[in-house]
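This report refers to the structure that appears directly beneath it.
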Amino acid sequence: MPKAFETFRYLSLVGLLTFSWAYLSLGTIFAKESNATEPFPIDAEKREADAFEKLAAKVKPSIALIESVDRIGQDGGRGTGFVVRKDGVVATNFHVIGEHRDFRVRFANGKSYEPQAILAVDRERDLALVKINAEDLPVLALGDSDELKLGQGILSLGNPLGYAYSVSRGVVAALRELEPGDGKPMVQVAIPIEPGSSGSPALDLNGNVIAVLAIKSGGAMGFGVPVNALKQLLANPNPVSIKHWLTIGALDEDEWESILGGNWRQRAGKIMASGMGSGFGGRMLCLSKGKVPPTPYQVEIEVKLEDESGAAGLVFHGDGGEIHYGFYPTNGSLRLTRFEGPTVFNWTILQTVSSKAYKPGEWNRIRVSLGEDGQLACSVNDTVVIDLVDKGLTKGRVGLCKFRQPGAEFRRFRIAKSLPGREIPEGLVKLVRRVVRNLEDKKKLGSKELNSLVSIGKPASEVLLEKAEELEQSASRVRQLAQEVRERAVIEELASSLQHEDEKSVDLFRCALLIARLDNEDFDPEIYLRRIDRIALKVKKTFPEKASGGQKLKILVSHLFDELGFHGSTLDYYHKSNSYLNEVMDDREGLPITLSVVLIELAERLDLPVTGVGIPGHFLTMYREGKEGKEPKEIAEEILIDAFEGKFVTREEASELSGVRLTEEDFKPARKRDIITRILRNLINVSERERDSVSRLRYLDATIAIEPTDTYLRAMRAMIHYGEGRFQQALSDIEFLIKNNPDAPEMEPLREIRDRLRTQAKE
């Protein structure tokens, strides 16, 4: 960023800091024409209404409601589709199904279908063809958009604002290019279009589709994609299986295998299980593909039930099917069961116990220690609750299980010959107790004291409630302190990791994972480090023996973006998940810079010289190979990759992406430190959009720890601290600014602010 611009931004913030201390629209006039058209005859109008009614009833069975989910699995909105082939092919807008989102297709008869495949997509024309498992569906005929007449009547059925199968009438208004010269005309329609209408068919009065509604333009005006573009897509399909399409939340196939149905999702360090499995009692399994050590060994997971009426936990000694042990919480108790078949008659409940160590509704850490000769020791939160010998099953796979309807979440799965304990050193315990000693009261209340309180009556109750509120406030402060300690530890590790002078010594991937750890401690960075190592190894095995560096790069890019499905986030661009590298790896969706980090790290493991390039407004990666023996090295080959689109670009195309004419300086490789701070700045901007000052402060702390002399960020942090009444912290940043810019003209008002804060501190 130009220094002059940074200076301007800094001065603006100083001004804001200083000052913090010290839809009209014109109505449209419509004139009536004196020669107005004669009113439509009543009988003709009725005949037309009847014709529309009959047409709507005829096409309704072909119209589908498409319900999608968003980045984090919540309701992602609704759209419309329509049947174009009787064997279960449904047409819609690309933006309706989203990029690698989960969705369902539901018809007016109540039947609902999950997609089998994405038959074809056209991102530029905003079209998609979805294949569902259905036969003999009623098909809508496709017309000819080249034969459209201005003013001709049209009808549409869709789901505007969630109102399913709503009918709209209108006319064709024009056929025009939205961007002059792009060669992609759209059908302009005078017909109501609202959220949920996207993907609706626009039909002529004979029931032929003439366009796919896509864009609202204001009022009862919008645009649709000409049906001839849809026909071209139908003629040239490029199917993608759902297995390869649904990357968001998909299980890592190298780590897990789902058994017996149900829905298993994985993201942000957690595995989520929902629905019912095909096994008796809704049993569903998710088995680890990791190597199981010979006995003795230990396996552990943290689990939280959606509802205590559910059941979920660990399985071990499994055959990959219906035979295995299970240890899991169920109905508030802990149960160890041996499963030897598909029915309840093949189950043996070895033991069911209750334990005060189990915390209903919370995360519980369950562990099984498997010894020789069938010894099984099962614990919850470090308390052994079951210890017995059972030799029914002696070896096999380990993993996760869930029963019944309520969902469950899992995290921190571990398996090893011996897992480390989680005992807290006594010295640390004493320290923490000293910090919170005023919050603890271990004295047991006797009957005499209780009776005396009862005799006082209501005043005693009121005082006790006041004390309870006081303790709750103290507990909240302790939780906040715990959070601050964790954040500070992550920030210090991140800053320390970036202090290396040698770029090769900086682990960019780990540093990017640490940014995600600022907000989420539920995931283990080592899992993602192992995952990217596996991807690199797979790609390396596909390299031809004498492939050049450029050839290897093209293979890598194809594997990452075409086969694995990594892609830019077009629907949720400003979602924080796009800046969390673990979630980018989980969902295979991210920002230009985080996707570039993935590519850079894979390239580094494959000995390919790929660096980041931070052009204005965008981020690219660059492969640049020089000729040996030259000083400076003469460039033999340069390849630019836009990771957001997963494609190669030229310097001219890079300038178009940036919006400015780029110079040689703009293509200078970015330092790893700059890449990390740019990701943090993205998060600062997102938190500002969301008005989340707590998160913004956390990202500011991390960025300033890396770049302590950044005056703009210092001024921003000072302003936040002051606005929230943390005057001492604000004073610290203001004094830093004054000390490091003593002669700057804007320092005088800051000195006045400093003096006021010093006075307040003394008072």
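Annotations for the structure displayed:
- Look at the stretch 570-581: where a residue is within 15 Å of residue 685 (Cβ to Cβ) and a partner is hydroxyl-bearing (Ser, Thr, Tyr), sitting 6+ places away or on another chain with Cβ atoms under 7 Å, you get 575/569; 578/569; 578/594; 579/594.
- Apart from one condition, residue 677 fits all of (1) at pLDDT below 90; (2) within 27 Å of residue 493 (Cβ to Cβ); (3) hydroxyl-bearing (Ser, Thr, Tyr); the exception is (1).
- In summary, helices (runs of 4 or more DSSP H) completely within the stretch 493-575 and bearing 1 or more residues that are polar (S, T, N, Q) and either out of contact with any His (no Cβ under 9 Å at 6 or more places or on another chain) or at pLDDT below 90 (or both) occur at 549-557.
- Selection from the stretch 671-701 of residues that are in the same structural domain as residue 622 (by TED's automatic domain parsing) and among the aromatic types (Phe, Trp, Tyr): none
- Residue count for the stretch 295-310 under the criterion of being of a type in the set (Gly, Ala, Ser) and either at pLDDT 95 or above or surrounded by fewer than 19 Cβ atoms within 10 Å (Cβ to Cβ) (or both): the result is 1.
- Residue check for residue 668: touching a helix residue (DSSP H, G or I) at 6+ places or on another chain (Cβ under 7 Å), closer than 28 Å to residue 610 by Cα and at pLDDT 90 or above: no
- Restricting the stretch 58-80 to residues that are charged (D, E, K, R) and touching a helix residue (DSSP H, G or I) at 6+ places or on another chain (Cβ under 9 Å) leaves a set whose member that is modelled with the lowest pLDDT is 71.
- Only listed residue being closer than 24 Å to residue 580 by Cβ and buried (at least 17 other Cβ atoms within 10 Å of the Cβ), chosen from 671, 698: 698
- Which numbered condition residue 207 fails, given (1) part of a loop (DSSP other than H, G, I, E, B); (2) within 12 Å of residue 91 (Cβ to Cβ); (3) more than 30 Å from the chain's Cα centre (by Cα): (2)
- Residue pairs whose Cβ atoms lie under 7 Å apart, sitting 6 or more positions apart in sequence or on different chains, and linking a residue in the stretch 733-760 that is surrounded by fewer than 18 Cβ atoms within 10 Å (Cβ to Cβ) to a partner that is among the aromatic types (Phe, Trp, Tyr), are 760/727.
- Odd one out for residue 529, checked against (1) within 16 Å of residue 412 (Cα to Cα); (2) exposed (fewer than 14 other Cβ atoms within 10 Å of the Cβ); (3) of a type in the set (A, V, I, L, M): (2)
- Strands (runs of 3 or more DSSP E) wholly inside the stretch 72-160 that include at least 1 residues being among the charged types (D, E, K, R), in the same structural domain as residue 646 (by TED's automatic domain parsing) and under 27 Å from residue 171 (Cβ atoms): none
- Residues of the stretch 719-732 that are surrounded by 14 or more Cβ atoms within 10 Å (Cβ to Cβ) and polar (S, T, N, Q): 729, 732.
- Complete set of residues in the stretch 140-166 that are of a type outside the set (Ser, Thr, Tyr) and farther than 15 Å from residue 212 by Cα: 147, 149, 150, 151, 152, 153, 161, 162, 164
- Within the stretch 576-599, being part of a helix (DSSP H, G or I) and within 16 Å of residue 70 (Cα to Cα) holds for 576, 577, 578, 583, 584, 586, 587.
The values are calculated or read from the model by the stated rules, or taken from the named source; none is laboratory data. The structure presented is a predicted model; accordingly, all values stated were derived computationally and were not measured. Cβ sites come from the backbone with ideal geometry, for glycine too, and all protein chains shown count toward neighbours.
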